[in-house]
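What follows is a single structure, written as structure tokens, with notes after it.
The values are calculated or read from the model by the stated rules, or taken from the named source; none is laboratory data. The structure presented is a predicted model; accordingly, all values stated were derived computationally and were not measured. Note: ideal-geometry Cβ built from the backbone for every residue, glycine included; neighbour counts use all protein chains shown.
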Amino acid sequence: MIRVYNTLSKSKEPFEPVTPGKVGIYLCGPTVYKPSHIGHMVGPVIFDTIKRYLTYSGYDVTLVVNVTDVDDKLIAESSERKIPMAELAAEMTADYMNNLAALGVDAIDHFPRCTEHMDEIIRFTSTLIEEGFAYESSGDVYFEVGNVADYGKLSHQGAEALQGDGGGMAERKRAGADFALWKSAKPGEPAWDSPWGSGRPGWHIECSAMSRRLLGETFDIHGGGLDLVFPHHENEIAQSEACHGKPMAKYWMHNGLMQASSEIGKVGGRHTRAVEGDLATQEVGKISKSKGSSAFGEMLREFPGETIRFFLLSTQYRRPIDYSETRIREVDTGLETFYRFFKRYERVTGSSFYQIRPPATRDAGDFQPGDDAMLQTVAEHRARFLEAMDDDFNTAGGIGALFDLVRRLNKFIEDEKLEEPKKPDTTKLAALQQGTTTLCELAAALGLFRKPPQEMPAGAHELTGKLLDLLMEIRADARKAKDFATADRIRNALAELGVTLEDRPGGTEWSID
């Protein structure tokens, strides 16, 4: 039985979908005004994995991740760059999608954009006005928080904690905690026609409208970062349940935040201490655009996507993820354990690990080990993996089981001398193939090892630099010895490989074309 930690109840609950056999998941996505950073990748990787595991467990899953393509930040950035907001949003959305693809996040079924759902948003807002939960004021529409008796049930904060809008908007509201459903447009801003005049939606209403359209009035899982519990998700609950008179989502799941470790405190523009726990402590080190984090595309030039996915899944999703390049390099070293085994498996069997077609479901992957000691151990590791993942999708525990499994498979090859030239025992070979198929099956449930690793692994750029510096020293020594033939041979050979050398008074510099 799968158990899920529900932020609403602050406890783990048995997972029982609204409709038996079917699961609807909505994850709050990015506001696309600048290139995405690694913090934006946490939620998609986690919920892509959750969908994979639920599908593996026999459920029919629909995963929705929204894209906010109209917002104050988008308007400000487009004005600064002097390009239309729609052009900026399209550019940043493409960046986001490319990054997801690099991480193997391809299980998302819908990416609804706010600008494509204006009619739905306007209808939703109109219903709230008709039901007495919202009011129009000088072209703006506000949700009246005081009319919701259980406001704050998700975050356990009351309306008094909600920071109100400043300026003219504050003057148009009945109470400071009331939040905007529709904002009247200022001159020159992007706007859409509505019954209340030209304007655009508030932040919270878009998620309520789009989730209803794609998943229904009540769906199974609503996900997002811990920083969205209040006010965003609290306000979503208030407006959705006021509109429909029923729960918005059955389970509310929140991932921990990506934070800069003490070793790499500059990522966020400040030195941060290692923290975990509630939002207040995690916010100390949260990586965000406002703290100067680098674009994710830069990280992908240094680390393979699978390494980063493995890194993100190596922490249980509700805990904060401690980011540092040192930690990612440690993860990459750990991955080599699997990659070396895959090569070893191919040497023994003559078949590629990546050609294995593992069972698609946990029921199909169940097998009887009989009295074979090795297969009994494989079955035990598989059971540990399933137990960890059934316990609130503990990917860290699942990965631990995968490491134990690959170690057992390596030991089996060594103990049975399967790499020796003689033809291996068919029974032993069959056991190895079964164990490896199980490894492939479980890894696939996490979205791992789906294709061979990139040719240039993490750290290769650093190694390339060291090798080129070594060649520069050898070439310099050759020139000092007046061995110009060797010096020229090095220069010409590197030029053919796309490496340009520039001899300067202080030494030779190289660059890769």
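A few points about this structure:
- Residue within region 269-290 that is assigned to a helix (DSSP H, G or I), modelled with pLDDT of 95 or more and crowded, with 17+ Cβ neighbours inside 10 Å present: no
- The set of residues in region 462-508 that are at pLDDT below 85, within 28 Å of T326 (Cβ to Cβ), of a type in the set (A, V, I, L, M, F, W, C) and surrounded by fewer than 13 Cβ atoms within 10 Å (Cβ to Cβ) comprises L463, L467.
- Scanning region 338-365 for residues that are surrounded by 12 or more Cβ atoms within 10 Å (Cβ to Cβ) and part of a loop (DSSP other than H, G, I, E, B), we see that the one that is farthest from the chain's Cα centre (by Cα) is S351.
- Residue match in region 115-137 (condition: within 30 Å of E302 (Cβ to Cβ) and either in contact with a strand residue (DSSP E or B) (Cβ under 7 Å, 6 or more places away or on another chain) or free of Cβ contacts under 8 Å to residues at least 40 places away in the same chain (or both)): no
- So E131, is it more than 22 Å from C28 (Cα to Cα) and either touching a helix residue (DSSP H, G or I) at 6+ places or on another chain (Cβ under 9 Å) or of a type outside the set (V, I, T) (or both): yes
- Scope region 318-335; condition in contact (Cβ under 8 Å) with a residue 24 or more places away in the chain and more than 28 Å from G223 (Cβ to Cβ); matching residues: T326, R329
- Considering T436, T377, T426, T395, the condition of being surrounded by fewer than 17 Cβ atoms within 10 Å (Cβ to Cβ) and either under 28 Å from I46 (Cβ atoms) or more than 29 Å from the chain's Cα centre (by Cα) (or both) is satisfied by T426 alone.
- Residue, farthest from A379 (Cα to Cα), within region 407-439, restricted to residues that are in contact (Cβ under 8 Å) with a residue 12 or more places away in the chain and among the small types (G, A, S): A431
- Residue in region 4-23 that is in contact with a Ser or Thr (Cβ under 9 Å, 6 or more places away or on another chain) and at pLDDT below 95 present: no
- Pairs linking a residue in region 7-31 that is of a type in the set (D, E, K, R) to a residue that is not in a strand (DSSP E or B), with Cβ atoms under 7 Å and 6 or more positions apart or on different chains, are K12/D392; K22/Y59.
- Condition met for R382 (out of contact with any strand residue (DSSP E or B) (no Cβ under 7 Å at 6 or more places or on another chain), of a type in the set (K, R), at pLDDT 95 or above and farther than 24 Å from G43 by Cα): yes
- All positions within region 366-383 that are assigned to a helix (DSSP H, G or I) and touching a helix residue (DSSP H, G or I) at 6+ places or on another chain (Cβ under 6 Å): M374, L375, T377, V378, H381, R382
- Among the criteria (1) closer than 21 Å to M210 by Cα; (2) more than 23 Å from the chain's Cα centre (by Cα); (3) assigned to a loop (DSSP other than H, G, I, E, B), the one K153 does not fulfil is (1).
- Residue in region 306-320 that is modelled with pLDDT under 90 and either assigned by TED's automatic domain parsing to the domain that holds M97 or under 14 Å from the mean Cα position of the chain (by Cα) (or both) present: no
- The lone exception for V67 - which of (1) of a type in the set (V, I, T); (2) touching a helix residue (DSSP H, G or I) at 6+ places or on another chain (Cβ under 9 Å); (3) in contact (Cβ under 8 Å) with a residue 60 or more places away in the chain it fails: (3)
- E298 among the charged types (D, E, K, R) and closer than 20 Å to L100 by Cα: yes
- Unique match (being without any contact (Cβ under 8 Å) to a residue 60 or more places away in the chain, touching a Leu at 6+ places or on another chain (Cβ under 9 Å) and assigned to a helix (DSSP H, G or I)) among L312, L386: L386
- Qualifying positions in region 216-244 - farther than 11 Å from S155 by Cβ and among the β-branched types (V, I, T): T218, I221
- Only one of E414, E325, E330, E387 that is among the acidic types (D, E) and farther than 22 Å from R309 by Cα: E414
- Filtering region 28-49 to residues that are over 20 Å from W203 (Cα atoms) and out of contact with any strand residue (DSSP E or B) (no Cβ under 8 Å at 6 or more places or on another chain) leaves H37, M41, V45, T49.
- In region 12-39, the residues that are among the polar types (S, T, N, Q) and part of a loop (DSSP other than H, G, I, E, B): S36
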